[in-house]
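Shown next, in structure tokens, is the structure this report addresses.
The values are calculated or read from the model by the stated rules, or taken from the named source; none is laboratory data. The structure displayed is predicted, hence computed values, not measured ones. Glycine gets a Cβ as well: all are built from the backbone with ideal geometry, and neighbour counts include every protein chain shown.
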Amino acid sequence: MFLTRSFSVLGLLLLTLASPALAAEEAKADADGPVSYYRDIRPVFQARCFGCHQPAKPQGSLDMTNFTGLLEGGDSGDPVVVASEPDEGTLMEMIIPEDGTAEMPKDGKPLTSGQIALIRRWIEEGAKNDTPESDKAIYDADNPPKYQAQPVLTSLDFSPDGKLLAVSGYHEVLLHEIAADGSTKLVARLVGLAERIESAMFSPDGKRLAVTGGSPGRMGEVQIWDVESRELIRSISVTYDTVYGASWSPDGKIVAFGCGDKTLRAIDVETGDQVFYQQTHDDWVLDSVFSVKGTHLVSVSRDRTMKLNEVATQRFVDNVTSITPGALKGGLYAVDRHPMKDELLIGGADGTPKIYKMFRTQARQIGDDFNLIRKFPAMPGRAFSVQFSRDGKYVVAGSSKDGQGSVWVYKVDDGKVQAKLSDIKGGIFSAAFSPDGKMVASGGFAGQVYLHDAMTGKLLSKFAPAPIQKSDKVAAAAAGDES
């Protein structure tokens, strides 16, 4: 969701994947009025700089998300920006290209001449900060978000060894240790720039965590975290809205994700380079998954389709689901792949989880739904989350209807309901099997994480994933009661 930048010793300036529609790509200001830092300059920094110069990853000790830090500079000791004197700070020197290249952003295209001119004009006008007070809050490991109520939970994922559960929060992912008896312990808070976290997924080897989300209506962000060190490896800005549905290639080298601009994209984890781009959907792309061998990439969208693409050529191959109008009742929200076979599990607005063959073996006929293997009994409301168990024998789905959530476990071989999980409150937006398949974690609108026995549906435990800080009034009232 957000990014950074720095100079001299300042490392990489984020390699942009931003959409041409992003304000930063065509920064403009009123020719007769003053340049606005918040409206005109910050979007450029956000798209091209914050990825490497933010609290979680301050390259060269420079945090450009903090206006004071921007003025003071990083390790070099030289100020980055000197008000009214554009040539006195290091910023202009670093961003002005020579022979087509600039020192910053490193490994990325130089800023446009219009962007450079706008930044110079802003500095000449006094480098004023007109950021609204509501947008000045900065969160980092030393200053994490403070909750007075639990966040809505949009993503849950177990680490491959089953020891950790990644839970989405506000501006962060909360890592909890999960014991066999269902007891839990908060062990890490991975605080980044993204306000909204849409997905947090462990890599196949469990060493890294891919996080997607963003700042609604402004930008999307993909984060890659080192799980052991709890350090942010990479932050990449992309498009102009939150991004969704992270998935790892089987070899752990590529992360794919869907976007609100109707695109499906993927990046190389080591370099941050965009290695896949496809725009065949007609609405938001909400989830993605790779084939068993990683040669193909599947996406689902609010446009009621599931699409198959070839990774190496970035070529659209096929609509996996029926394209007959009315065949699918509403959008598709989630997709997962069988652990050993190229079979796809989807969930969507009709509340009916389905399994499809990934690859068509006969010519498409008008009106057919040939790739469909199995429909499961419909759940109440919309199915926002689906997942295979690691052995492929069961699937779990979570849904929401009229503020009430349901989590059902189905048997794959005959399609019957194995268990309906008990004592759940609020709509469910994420459900996940533990690696051994014995436990299901689920969560959603109520902000509680529920841990159930997957085979019986019995509630083992539930917990609030985020630490709650009482408001001043509540704390004062509590102190009064104690006295």
### Query
Has the stretch 447-459 got any residue that is in the same structural domain as Ser322 (by TED's automatic domain parsing), in contact with a Gly (Cβ under 8 Å, 6 or more places away or on another chain) and at pLDDT below 95?
no
### Message
Just to confirm my filter: which strands (runs of 3 or more DSSP E) fall fully inside the stretch 348-389 and include at least 2 residues that are polar (S, T, N, Q) and buried (at least 20 other Cβ atoms within 10 Å of the Cβ)?
### Response
382-388
### Task
Return a yes/no flag: does the stretch 409-420 have any residue that is buried (at least 17 other Cβ atoms within 10 Å of the Cβ), on the phi > 0 side of the Ramachandran plot and in the same structural domain as Gly162 (by TED's automatic domain parsing).
no
### Query
Within the stretch 247-277, can you find the residues that are surrounded by fewer than 20 Cβ atoms within 10 Å (Cβ to Cβ) and assigned to a strand (DSSP E or B)?
Asp268, Gln274, Val275, Tyr277
#### Entry: Tyr244 closer than 18 Å to Tyr277 by Cα, part of a loop (DSSP other than H, G, I, E, B) and in contact with a Leu (Cβ under 6 Å, 6 or more places away or on another chain)
no
### Query
If you go through the stretch 147-158 one residue at a time, do you hit one that is within 23 Å of Phe388 (Cα to Cα), surrounded by fewer than 19 Cβ atoms within 10 Å (Cβ to Cβ) and at pLDDT 95 or above?
no
### Task
May I ask you to list the residues in the stretch 258-297 that are farther than 16 Å from Tyr240 by Cβ and of a type in the set (Val, Ile, Thr)?
Ile267, Val269, Thr271, Val275, Thr280, Val289, Val292, Thr295
### Query
Within the stretch 129-218, which strands (runs of 3 or more DSSP E) (wholly inside it) include 1 or more residues that are of a type outside the set (Ser, Thr, Tyr), in the same structural domain as Ser235 (by TED's automatic domain parsing) and over 25 Å from Ile424 (Cβ atoms)?
170-178, 184-202, 208-215
